[in-house]
């Protein structure tokens with residue numbers, strides 16, 4: 001039986017991507033891996049979940065490892081806790097092989113930056129933004145574990 005995901009922001013039904021699978025990651029917790037060769041520029045998967053207003057995000061989220069995907073309009077986020085798919089497990093890297101592309105101020109897609117091989121873990125640069133002062137606690141929560149030679153040590157956006 002194949003599971004299906006409803007993208008709450010667009011009310012469209014999505015099948016899991018045949019291009020990827022979720023399994024344990026050497027970088028952090030779970031990761032998303034290519035199941036077949038993926039060519040540079042391929043749209044791999046949509047980042048799905050419930051679209052909510054930033055102002056409606058609870059102060060204390062249950063899982064600090066769940067990152068809300070902020071949209072460029074500055075008002076909305078995608079919460080993968082409800083209606084999310086495999087894309088929620090794509091890990092951060094300072095040397096990513098994928099990128100997150102926003103279309104129409106409401107949909108996020110993960111595209112390949114280069115050719116990917118079966119078994120290769122997918123990564124994009126989270127470039128996290130925080131509205132609060134960057135304290136030692138925020139730095140620790142945003143610490144990067146990617147291990148790339150050009151690792152900047154943080155998942156936070158650097159300007």
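Laboratory data are not the source of any read-out in this text; all were calculated from the coordinates shown. Keep in mind the model is a prediction, meaning the values are calculated, not measured. Cβ: placed from backbone, ideal geometry, glycine included. Neighbour counts: every protein chain shown.
Between residue 159 and residue 56, how high is the FRET efficiency from 1/(1 + (r/R0)^6) when r is the Cβ-Cβ distance and R₀ = 30 Å? Nearest 0.05.
FRET efficiency, residue 159 to residue 56: 0.65.
In which sequence would 50, 158 go, from the one with the fewest C-beta neighbours within 10 Å to the one with the most?
158, 50
Among 109, 69, 123, which comes first, then next, by fewest other beta-carbon atoms within 10 Å?
Going from least to most buried by this count: 109, 69, 123.
Sort region 59-155 into rounded, prolate or oblate with this rule: let a ≥ b ≥ c be the square roots of the eigenvalues of the Cα gyration tensor; rounded if a/c is under 1.5, and if a/c is not under 1.5, prolate when a/b is larger than b/c, oblate otherwise.
oblate
Nearest 0.05, what FRET efficiency do residue 72 and residue 114 give at R0 = 25 Å with Cβ-Cβ as r?
It comes to 0.55.
Once you place label points 7 Å from the Cα toward the Cβ at residue 152 and residue 104, how far apart are they in nm?
For residue 152 paired with residue 104, the spin-label model returns 3.1 nm.
Kindly put 93, 25, 149 in sequence by how many other C-beta atoms sit within 10 Å of each C-beta, fewest to most.
In order of increasing Cβ crowding within 10 Å: 149, 25, 93.
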